[in-house]
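The values are calculated or read from the model by the stated rules, or taken from the named source; none is laboratory data. Please read these numbers as outputs of a predicted model, since none were measured by experiment. Ideal geometry is used to build each Cβ from the backbone, glycine not excepted, and the neighbour counts take in all protein chains shown.
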Amino acid sequence: MTTEKNISLSTSDIEKENVSCLYRITKNLASSANLQHSLGRIVAILSEEKEMDNGTITIVNPMTGELEIEVAHGISAEARRRGRYRVGEGITGKVVSTGEPILVPQIGEEPLFLNRTRTRGDKRKKESSFLCVPIKAGSQCIGALSVDRNYQDNLGVQSEQDLRFLTVVSGLISQTVQRVQKANEEKEALRRENSQLRRELSSKNRIRDIIGTSSRMQEVFEMIHRVADSNATVLLRGESGTGKTLVAKALHYKSHRADGPFVVVNCSALPETLLESELFGHEKGSFTGASERKKGRFEQARGGTLFLDEIGEISPAVQIKLLNVIQERTFQRLGGTETIKADIRLVAATNRDLETAVSEMHFREDLYYRLNVFPVYLPPLRERRTDILLLAEYFLEKYCKENKKQIRRISTSAIDLLTQYHWPGNVRELQNCMERAVLICDSDSIGAVHLPPTLQSPDSIHAGGNLSLAVAVENFERDMIIDALKHTRGNQTKAAKYLDTSLRIINYKIHGYGIDPRQYKVKK
C-alpha cells in the first residue's frame, strides 16, 4: 500500500511539474515577437524546470534538405554549426524521417548516436539518456526536439511521461512555427504586391533617358508628368550633375510643344554683354562687331522651350530685362524698336541657394518669384542609392558599345565601392567613373581595381577603422562566392565547379556567410 501511495504521489508531482512547465512555455510563445528568441527560451525552460539538458531544436533547411540546429541550450555556436544531419542520418535524422519519437537509455551504447556537436565526452555518454521527438506540420515532419536526461537504471514510467510531455511541447512549437511562417508569407505577399505596384507606377511614370526607380525619383517623375503639358515656368533645383538638363528635355518632349525647338542657354558660360545679345538678339550696327542682324534664343525657341541653365549666375542688369520678358511675354532686340512676342515655355535651373542670394540682394526677389512658379527638386545621388547600380549598368552598356568591348557585369566588390561612395559629383561623376572603368578593364567584369582611387580610399570604404586580415579574407571569399552564383544563376553545383571546389564546401560557406543563392536565379 505504501509503495503504491508513493508512486501515486510521485506521478501527481510530475504532472504538476509538467503543467507548470507547459504554462511557462505557452506564455513565452504567446508573448515573444522573435521566433528564435522564443525557441531559445523554451529549451532554457526545459533545463530549469525539468532538468532536461542540451535541449536542441533542429529544423529541416528547405534549401538544402538538411537538418540544422535552430537553437540549442548550453551549446556553443561552433558546436551548433557542426550539428547538421541528412534526413535519416543518426537518431535525429531517423526521428524526422519516420515521424516517431526515440528514447536512447544510454547514449554511449547506441551506435546510431553520432555526437556531431562533440559536446558529450565518454563520461557524459555513460551518464545520459537521449530523448528525441518529431516536430510536425500536418503530416509533414519539419524538425525535431531533443534533450538529455540523467541516466537511470529503471527508466520505466518517467521516460514514457517525458516522451509524451516533449511531444506536447513539440506540438506547441509546430503551431508557433506555422503561425510565424504564415505571417511571413503574408508579409512577403504584401511586399511582392507593393513591389508590383511600384513597378507599375515606375513604368507609368518612366521618363526616357532618366534612369531611376527610387522613391525620390518617382516623386520627380510624378512632378514632371503633372507640369509637362502646361505653359507654367519650371525652376529645377539641385546640385551640379543631378540631371537637370535631362529633366528639362523631358518637360519639353512630353509637352504639346514637343514639335517645336528645344533651346539651351548656359548663363554662367557667357559674360553679361554677350549673354544679353544671346538671349534677345541684336540689330545690325547696334554695337561694335554687330555686322548683321542676329536672332536671340528667345526668338529661336519660338513655339518650343527655352532652357536657361545656371540662372543664378546672371547679372542684375540681365535680371531686369529677363523679368520684363517673363512678365510681358515680349522683348526687343538690342538696338531695335520692334516688339517681338515671346512664344516660349521657360524652364530654368540652378544649383545655387536662391533664397540666400535674394536675402543678400544678389538676386532680384521679384524675378525669383516669377521663376519659382513650379519648383522641382532633383535629389543628389547619395540620397537615391538604390539607383546607383542601375545607372552604373546603364553606363557600362553605353560605353561598352562605344568602345566595342565585351564586359558583361560589375563585380560584387566594385558594386560595394559604388554604393558606399558619397558621390559629390552626382550622376555626372558616376558616368565618368564608369567610362574610365570600361576603358581600362581587360576582363569580362568590372572589378574594384578598375574604379578611381577616390572610391577606394579608407574614408570612402570603411571610415569606422582598419580592416583586419581575417575580415578582408572573409570579404574576398564572400565576393568570390557571390560572383560565382551570379555567373551560374544561383546553381550551387555549377558554382562549386566554377570555383574549383566541392559542393560540400560551397554549401558550408554559403550558410556561414548567410548568402541566399535563390536571389541569383533567373526570374521567369
Q: Quick one: count up the residues across the stretch 332-368 that are farther than 25 Å from ALA290 by Cβ and of a type outside the set (D, E, K, R).
A: 16
Q) Inside the stretch 501-523, can you point out the residues that are loosely packed, with under 11 Cβ neighbours inside 10 Å and either outside any loop (DSSP other than H, G, I, E, B) or over 24 Å from the mean Cα position of the chain (by Cα) (or both)? A) ARG504, ARG518
Q: Determine which single condition LEU67 fails, assuming it passes every other condition in (1) surrounded by fewer than 20 Cβ atoms within 10 Å (Cβ to Cβ); (2) under 22 Å from THR167 (Cα atoms); (3) not β-branched (Val, Ile, Thr).
A: (1)
Q: Go through the stretch 187-216 and give me each residue that's at pLDDT 80 or above and surrounded by fewer than 11 Cβ atoms within 10 Å (Cβ to Cβ).
A: LEU190
Q.
Yes or no: the stretch 432-442 includes at least one residue that is under 21 Å from GLU477 (Cβ atoms), in a loop (DSSP other than H, G, I, E, B) and in contact (Cβ under 8 Å) with a residue 12 or more places away in the chain.
A. no
**Q.** Hits in the stretch 411-428 (condition: crowded, with 19+ Cβ neighbours inside 10 Å, of a type in the set (Val, Ile, Thr) and closer than 25 Å to LEU246 by Cβ)
**A.** ILE415, VAL427
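Go over the candidates LEU455, LEU391 one by one and state the one that is among the aliphatic types (A, V, I, L, M) and farther than 23 Å from PHE221 by Cα. Write out each step before concluding.
Details: LEU391 fails: farther than 23 Å from PHE221 by Cα.
The conditions single out LEU455.
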